[in-house]
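Following: one structure in structure tokens, then a few remarks.
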Amino acid sequence: MIAPLILVVEDNPVVRCWLCETLEQEGYVTLSAGDGREALNLLETSNVGLVLSDLEMPRMDGRELLRRLRAHPKHAKLPVVLMLVYPWDALNIQSDAFLVKPFLQIADLLATLQNVIGPL
């Protein structure tokens, strides 16, 4: 089975790099963006299978990114996992799953992704 392409959207370059490297070591293929605007541009030219996005970012945050994805016919059903600092931020947001940052166990990240898109 070919691993789905995961778009990692995170404004902190250190965290973004760590997430991509960690996922690639587990067999996933990644693409990265620094905010929601950059992510939307990449989605137009890439066959992404899941978006893993931070909630709080400059220019376009995860809420707006998710809203635009759900409103776009091509991306409306694209699985989205949001990373957030405060669990109550998840209220009234229609993503497929959430991860509370910082997640200390790589297993939590991988389990969440597998619950949404299935095992590799």
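The values are calculated or read from the model by the stated rules, or taken from the named source; none is laboratory data. Model, not experiment: these values are computed from the prediction. Quick reminder, even Gly has a Cβ in these numbers, built from the backbone with ideal geometry, and neighbours come from all protein chains shown. Only protein heavy atoms, including side chains, enter the accessible area calculation; ligands, DNA and RNA are left aside. Shrake-Rupley method; radii C 1.70, N 1.55, O 1.52, S 1.80 Å.
Which residue is nearest to Ile93 (Cα to Cα), if the candidates are limited to region 48-66 and must be within 14 Å of the chain's Cα centre (by Cα) and either open to solvent by 80 Å² or more (accessible area, probe 1.4 Å) or hydroxyl-bearing (Ser, Thr, Tyr) (or both)? The residue in question is Arg63. The set of residues from region 96-115 being open to solvent by 30 Å² or more (accessible area, probe 1.4 Å), among the aliphatic types (A, V, I, L, M) and closer than 19 Å to Gln25 by Cβ comprises Leu104, Ile106, Ala107, Ala111.
Does Arg59 meet the test of being basic (Lys, Arg) and part of a loop (DSSP other than H, G, I, E, B)? Criteria met by Arg59. Pairing each residue of region 96-120 that is in contact (Cβ under 8 Å) with a residue 24 or more places away in the chain and closer than 16 Å to Tyr86 by Cβ with any residue that is open to solvent by less than 80 Å² (accessible area, probe 1.4 Å) and among the aromatic types (Phe, Trp, Tyr), provided the two are 6+ apart or on different chains, yields no C-beta distance under 7 Å.
Scanning region 62-78 for residues that are over 16 Å from Asn47 (Cα atoms) and in contact with a strand residue (DSSP E or B) (Cβ under 8 Å, 6 or more places away or on another chain) yields Gly62, Leu65, Leu66. Residues that are more than 10 Å from the chain's Cα centre (by Cα) and in a loop (DSSP other than H, G, I, E, B) within region 67-80 comprise His72, Pro73, Lys74, His75, Ala76, Lys77, Leu78, listed in sequence order. Residues in region 18-44 that are farther than 17 Å from Lys77 by Cα, without any contact (Cβ under 8 Å) to a residue 40 or more places away in the chain and not in a helix (DSSP H, G or I): Val29, Thr30, Leu31, Ser32, Ala33, Gly34, Asp35.
Residue count for region 34-48 satisfying the condition of being at pLDDT 95 or above and under 12 Å from Leu7 (Cα atoms): 10.
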